[in-house]
């Protein structure tokens, strides 16, 4: 069976997240090596979230093969997830670079990036829920469960 567009998008997105998360590890090392008592909050958030998103996206590349959604839906969901991940990484990186201490308390200018990232994930979870599929077998229930716990 050939690799689908959704799988390609998820694999590329996962690898790019992994690479970016790894690159963010270097400033952490430099900051701590210079004697800082702690790593900046949003640098650590960007580093950890990109590595976690990488694992999720790469795992979903396998799960996309099990999708019982109609044609085009897995591709759209993959693009939304990868875009959402990129927006969240950009938000956390910009928060770190601009010195934001608390994005909610400081009313950070990056809030729209976080909102768009969250919206993308919500759209994916709604479109992949078992109720939206005509044919709901065990594979669809698996994806619905992932959507329910917030992975999709």
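For segment 24-121, what is the per residue volume of the convex hull drawn over the alpha-carbon atoms, in cubic angstrom?
Details: hull volume 9.1 nm³, N = 98.
It comes to 93 Å³ per residue, whole-number rounded.
Which of 60, 80 has the fewest other C-beta atoms within 10 Å, and how do the rest follow up to the most? If you can, show how the numbers build up before the last one.
Numbers: 60 28, 80 21.
So the residues, fewest neighbours to most, are 80, 60.
Spacing of the modelled spin labels on residue 39 and residue 4, each 7 Å from Cα toward Cβ, amounts to 3.5 nm. Packing, taken as the mean count of other beta carbons within 10 Å per residue, orders the peptides 35-45, 13-23 from highest to lowest as 13-23, 35-45.
FYI, it's all coordinate maths here, none of it is from the lab. Quick caveat, the model's predicted, so the values are computed rather than measured. Using ideal geometry, Cβ is built from the backbone for each residue, glycine included, and neighbour counts are taken over all protein chains shown.
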